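Encoded as structure tokens, the structure appears first; notes follow it.
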Amino acid sequence: MSVRRTLISLAALVMAAAAGWFLVPKIGELGHTWTRVSSGDKTWLLAAVGLEVLSFVGYVVLFRAVFVRSESRIDWRESYQITMAGLAATRLLAAGGAGGVALTAWALKRSGMDGHTVTRRMTAFLVILYGVYMGALLVDGVGLATGLWGVHASAAVTIAPAALGGIVIVSALFMSRLRPVSVAPADGRARGFRMRVRHITLSVAAGVRGALGLARSREPGLLGAFAWWGFDIAVLWASFHAFGAAPPVAVIVMGYFVGTLANTLPLPGGVGGVDGGMIGAFLAFGVDPAVAVLAVLSYRAIAFWLPTLPGLVAYFQLRRTMGEWKAEDETVAPEPLPAPGRIAVA
């Protein structure tokens, strides 16, 4: 066995061990967590489940608005399979949603979409989705910092998130002005590194322009991004009501987004990171600790498991769909070439 294969095998074993280390306790604690959250108001908890379903619907609508065209073989059934399987990968692998992005790109390529189009539309999709995220951080953070929403808190959970949102938005708009230009040739590793950075930068720039183009066209499907975030935040709001009174909406929004920043940590499903981030943010706003813990646990139980289990089923359904696509492609006979000496007339 070569050194490369040995290293790859060792890396796979380490990743499997890490997944087991984090996920097995999570599964084992599910019963204990459910015992704690089931003491809440059942009506509000059922409402939270319904709101999470509406959030998924918004995600599917946004997916179709960005990726699906009239000539695409991806219909609503395939859209559901791709998005749900991608969400399951995002929940299980975390790392800023890289797992879901990779699975979605793989499925789109298998549907017949060329790699350049996949990259361009995927970047536009992420720009739209996280543009709403950063816009919410900016607007809500400024409102909380200035007391516009009637709530005051430390700069760590007001000004800092607002500054992050503003910097990301300005940077994205600046990058949208970049265009491909010729560069001086370089040698060795420097050239390879520069080419990779240039390719990533231009891909992001093209994605931002694509997102802005969709926004200017007033594509109604873009409202799916607001539905995805809005209904998911509403799940947290309903979870607070299940255990008592909910804090102001502005506090819930900021606590939600500050907590989900921990999803960038390479922990399966953001186990521990998202929960701790949300609870810490709510404590900074003066929310009752017992209510905050129960509300966040309820939200995480719904937001983690509701897409994960159906998403795993959707993944296997997607594999079967890909088999159907492959069979269709193999049955398409190539067009016969014109006979020598004859001119084909259209």
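The values are calculated or read from the model by the stated rules, or taken from the named source; none is laboratory data. Keep in mind the model is a prediction, meaning the values are calculated, not measured. Glycine also receives a Cβ, built like all others from the backbone with ideal geometry; neighbour counts cover every protein chain displayed. SASA here: full protein model, heavy atoms, side chains in, ligands and nucleic acids out. Shrake-Rupley method; radii C 1.70, N 1.55, O 1.52, S 1.80 Å.
Tabulated data for the structure shown
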read-out: Residue in segment 82-125 that is modelled with the lowest pLDDT, counting only those that are surrounded by 20 or more Cβ atoms within 10 Å (Cβ to Cβ) and out of contact with any Ser or Thr (no Cβ under 9 Å at 6 or more places or on another chain); value: LEU93
read-out: All positions within segment 68-81 that are open to solvent by 30 Å² or more (accessible area, probe 1.4 Å) and not in a loop (DSSP other than H, G, I, E, B); value: TRP76, ARG77, TYR80
read-out: Near pairs, Cβ below 6 angstrom, 6+ apart or cross-chain, from segment 39-52 (touching a residue at least 24 places away in the same chain (Cβ under 8 Å)) to any residue that is assigned to a helix (DSSP H, G or I) and open to solvent by 40 Å² or more (accessible area, probe 1.4 Å); value: TRP44/HIS241; LEU51/PHE231; GLU52/LEU306
read-out: Residues satisfying the stated conditions in segment 141-175, i.e. part of a helix (DSSP H, G or I), under 17 Å from ILE252 (Cα atoms), open to solvent by 60 Å² or more (accessible area, probe 1.4 Å) and in contact (Cβ under 8 Å) with a residue 24 or more places away in the chain; value: ALA156
read-out: So GLU52, is it open to solvent by less than 30 Å² (accessible area, probe 1.4 Å), at pLDDT 85 or above, farther than 22 Å from ILE252 by Cβ and among the acidic types (Asp, Glu); value: no
read-out: Any hit, segment 268-288, residues being assigned to a helix (DSSP H, G or I), modelled with pLDDT of 80 or more, open to solvent by 30 Å² or more (accessible area, probe 1.4 Å) and in contact with a Phe, Trp or Tyr (Cβ under 9 Å, 6 or more places away or on another chain); value: no
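For every residue, the table says whether it meets (1) within 27 Å of THR104 (Cα to Cα); (2) part of a helix (DSSP H, G or I); (3) open to solvent by 40 Å² or more (accessible area, probe 1.4 Å); (4) modelled with pLDDT under 85.
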{"residue": "ILE233", "(1), (2), (3), (4)": "yes, yes, no, no"}
{"residue": "VAL251", "(1), (2), (3), (4)": "no, yes, no, no"}
{"residue": "THR308", "(1), (2), (3), (4)": "yes, yes, no, yes"}
{"residue": "PHE316", "(1), (2), (3), (4)": "yes, yes, yes, no"}
{"residue": "GLU324", "(1), (2), (3), (4)": "yes, yes, yes, no"}
{"residue": "ASP329", "(1), (2), (3), (4)": "yes, yes, yes, yes"}
